[in-house]
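A short worksheet on the structure shown next.
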Amino acid sequence: MKATARRVGPYRHEIAIREHGIAADEPSEHGGADSAPSPQELLAASLASCTAITMEMYATRKGWDIGGVEVACEYTPAERGCPTRFGIVVRLPDSLSDEQVERLRVIAAKCPVHRTLDGEVMFDERVERVSLAH
């Protein structure tokens, strides 16, 4: 998986992912134009959408109708003495049984983004100097 961010304005970046394009920007209080979600908001969006899709895939395999599932994610970055926190609220139809709800809760925590954030992460970083067009 690969994403490439290219600067197109003060703090605004266009992001290419396969044949798709999204953008990231900072809120005005951080000097951006607030023209797109911030990178940290995109992280919360990745976790929320991955959780929802993982539950949907599982429910589809089981033949369960989970209707308009909604996953809300709040992200609080780490600060001195406090760890990074993700608050996840999963909203499921009240027509599901307790057993289905419990199974979906367990499956939700197994989404790939959740596992990545919960596991060991390693970075392989390098800087390349190139001539860039302005």
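On the stretch 14-95, 51 percent of the accessible area sits on carbon and sulfur atoms, based on a 1.4 Å probe.
Write down the accessible area per residue of the stretch 61-134 in Å², having rolled a 1.4 Å probe over the full set of protein chains.
Working: 6650 Å² over 74 residues.
So the stretch 61-134 comes to 90 Å² accessible per residue, rounded to a whole number.
Other residues with beta-carbon under 15 Å from the beta-carbon of residue 20 carry, at +1 per Lys or Arg and -1 per Asp or Glu, a net charge of +1.
With all protein chains in place and ligands, DNA and RNA left out, the 1.4 Å accessible area ranks 114, 30 as 30, 114, largest first.
Just need the relative contact order of the chain here, percent rounded to a whole number, with Cα pairs under 8 Å and 6+ apart. Intermediate values should be presented prior to the final figure.
Values: 163 pairs, mean separation 20.6, N = 134.
Relative contact order comes out at 15 percent.
I'd like the per residue volume of the convex hull spanned by the Cα atoms of the stretch 25-96, given in cubic angstrom. About 113 Å³ per residue, rounded to a whole number.
The heavy atoms of residue 49 present about 60 square angstrom of accessible area, all protein chains included, probe 1.4 Å.
Of the residues 107, 15, 53, the one that moves most in a GNM of the chain with alpha-carbon contacts below 10 Å is 15.
Place a +1 charge on the Cβ of each Lys and Arg in the chain and a -1 charge on the Cβ of each Asp and Glu, then give the dipole magnitude about the Cα centre in debye, rounded to the nearest 20. Mind dumping the intermediate values first?
On the way: 16 positive and 21 negative charges, 92 e Å.
It works out to roughly 440 debye.
Taking N as the residue count of the chain, its C-alpha radius of gyration divided by 2.2 N^0.38 Å amounts to 1.29.
Give me the percent relative contact order of the stretch 5-48, please, defined on Cα pairs under 8 angstrom at least 6 residues apart.
Values: 69 pairs, mean separation 11.8, N = 44.
Answer for the stretch 5-48 is 27 percent.
The values are calculated or read from the model by the stated rules, or taken from the named source; none is laboratory data. What you are looking at is a predicted structure, and each value in this text was computed from that prediction instead of being measured. Heads up, the Cβs are rebuilt from the backbone with ideal geometry, glycines too, and the neighbour counts pull from every protein chain shown. SASA here: full protein model, heavy atoms, side chains in, ligands and nucleic acids out. Shrake-Rupley method; radii C 1.70, N 1.55, O 1.52, S 1.80 Å.
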